[in-house]
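Take a look at the structure set out below.
The values are calculated or read from the model by the stated rules, or taken from the named source; none is laboratory data. Here the structure is a predicted model, which means the values were calculated and not measured. Methodologically, a virtual Cβ is constructed for each residue, glycine included, from the backbone with ideal geometry; neighbour enumeration extends over all protein chains shown. Accessible surface areas use protein heavy atoms only, side chains included; no ligands, DNA or RNA. Shrake-Rupley method; radii C 1.70, N 1.55, O 1.52, S 1.80 Å.
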Amino acid sequence: MNNNDTTGFLGWDIGGAHLKVAYCDNSGQITQVIQLPCALWQGIHELRTAMQQALTLLGCRHTQHALTMTGELVDAFENREQGVTEILNCVADILPEAVLHIFAGQRGWLKPQQAKQEWRDVASMNWQASALFVATQCSQGLFLDIGSTTCDVIPFIDGQIQPHGLDDHNRQKSGELVYTGAIRTPLFAISHHAPLNGELVPLTAEWFASSGDVWCILGQVSATEIQDSSADGQPWQNRHCQQRLARMLATDAEEATDAQWRIVADWFAKQQLQQITQACLQVLSRHSAINKNAPLIGAGVGRFIIKAIAERLNRPYVDFSALCQNRDDAAAHAPATALALLAQQQLS
């Protein structure tokens, strides 16, 4: 696809590990959604490279560009303010300021210089883009987005989002941000022990394995879908995932059967499901006005987890793709998609 001679809207979601970009035309039709590796903790040059790759793939320099971020949190920056500033400076080196629109949540859109001054309204607001879009499509429920690293739990009532906190600190306290995801979460952040041969084995306190190993073993994530590096740098095929799980239990994969390692993986899966279920119940306890039949709307690469949680809570499940022209890639990268659609609706 080449849109050099057209106008449309690109939604950029700049994360600490990935860059997600979605394009929609002037009629609001999503035509492409991509994700590229962007190890921003290694330096701002990673973002510059990823953005140039995205523009080459999409051919969309002559569009309007809507931008959100969470990458300001990486430890390459001294603090979040510096992160926002450096990210915006990098973007401004690549894209003309006249076509740049920085998302500031419910405040709307800021130009780059204003966004640097009011950085608190810009930092880590990508969840609001997705939630605001969902609230235009459904009257009430919980919106969940489980990515590679985190999970958002956002209530909405009467077509309005009802967040208890706006920054990550308050969102974590409120249960609306859970630092657990489908790929990158270290397993010792999910449980402190796991069963093997009828015993509960304490885990090694090392990043030997992650949630991606669990979901690969259980067949919920394909090895070819993952752009992140594994804990040991080896591929995501089953035998490597088993060996990484084995290291967490201070043993080797050969010391147990495939069936046993699947039980270990299922243990971690159930523990992670419980963490997110508890967050949903914490959020719901604050919003008794949400009808018991209101759905969970799921987005992100880990939305298969949300479907399972909806069953636990006895609530309907609605996939984000159903709100976005039935595109799985739009559901996998909801903030970028929502940002492009919101820009088309509000900036046309």
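May I ask for the longest run of the chain untouched by GluC sites (Glu not before Pro) that are loop-located per DSSP and have at most 15 neighbouring C-beta atoms (other than their own) within 10 Å?
207-348
Kindly give Rg over Rh for the chain, based on alpha-carbon atoms, with the Kirkwood expression for the hydrodynamic radius.
0.98
Between I157 and Q234, 0.36 nm times their residue separation minus their Cα-Cα distance comes to what?
23.2 nm
Set Lys and Arg Cβ to +1 and Asp and Glu Cβ to -1, take the dipole of segment 60-209 about its Cα centre, and tell me which of W109, I154, I190 lies farthest positive.
Going by the Cα projections, it comes out as W109.
How big is the gap, in Å, between the Cα center of segment 98-127 and the Cα center of segment 3-55?
Using only Cα atoms to place each centre, the spacing works out to 17 Å.
Could you point to the residue in H62, A308, I226 farthest towards the positive end of the chain's charge dipole, with +1 and -1 charges on the Cβ of Lys/Arg and Asp/Glu respectively?
Among H62, A308, I226, the one farthest towards the positive end of the dipole of the chain is A308.
Shape of segment 288-348 from its Cα gyration tensor (a ≥ b ≥ c, root eigenvalues): rounded if a/c is under 1.5, otherwise prolate when a/b > b/c, or oblate?
oblate
Given Cα pairs under 8 Å that are at least 6 residues apart, what percent is the relative contact order of segment 261-348?
23 percent.
Please give the helix 80-94 orientation as an angle from the longest Cα principal axis of the chain, in degrees from 0 to 90, rounded to the nearest 10.
The angle comes out near 60 degrees.
Quick one: with all protein chains in place, what share of the accessible area of the chain is carbon or sulfur, to the nearest percent (1.4 Å probe)?
Accessible surface attributable to carbon and sulfur in the chain totals 46 percent.
Just need the relative contact order of the chain here, percent rounded to a whole number, with Cα pairs under 8 Å and 6+ apart.
About 19 percent, as a whole number.
So for the pair N89, L36, with labels modelled 7 Å out along Cα→Cβ, what separation do we get in nm?
2.1
For segment 136-225, treating each Cα as an identical point scatterer without solvent, what Debye log10 I(q)/I(0) comes out at q = 0.14, 0.17, 0.21, 0.22 1/Å?
Here the Debye-derived log intensity ratios amount to -0.67, -0.85, -1.03, -1.06.
Tell me the Rg and the Dmax, in Å, that the Cα atoms of segment 89-188 produce.
My reading of the Cα-based Rg and Dmax gives 15.2, 46 Å.
Please report how far the C-alpha centroid of segment 137-181 lies from that of segment 264-280, rounded to the nearest whole angstrom.
18
Assuming R0 = 25 Å, can you tell me the calculated FRET efficiency for the pair R107 and L218, based on Cβ-Cβ distance, to the nearest 0.05?
With a Förster radius of 25 Å, E is 0.05.
Roughly how many Å is it from the Cα centre of segment 326-348 to that of segment 293-316, as a whole number?
Using only Cα atoms to place each centre, the spacing works out to 20 Å.
Which value at 222 nm does the chain reach when only helices count, each DSSP H run of 4 or more adding -39,500 (n - 2.57), with the total divided by all residues and rounded to the nearest 500 deg cm²/dmol?
Result for the chain, helices only: -11500 deg cm²/dmol.
For the pair H45 and T136, how long in nm is the line joining their label points, each one 7 Å along Cα→Cβ?
4.0
Can you list the aspartates and glutamates whose alpha carbon is less than 12 Å from that of K20, not counting same-chain residues fewer than 8 positions off?
Filter leaves D329.
Taking 0.36 nm per residue of sequence separation and subtracting the Cα-Cα distance, how much length would be gained by fully extending the chain between N79 and Q227, in nm to one decimal?
Difference between extended and current length: 50.6 nm.
How far apart, in nm, are two points set 7 Å out from the Cα along the Cα-to-Cβ line at E97 and at A205?
Reported label-point gap for E97 and A205 is 4.9 nm.
Work out the FRET efficiency for Q325 and D266 from their Cβ-Cβ distance, taking R0 = 30 Å, and round it to the nearest 0.05.
E(calc), rounded to 0.05, equals 0.30.
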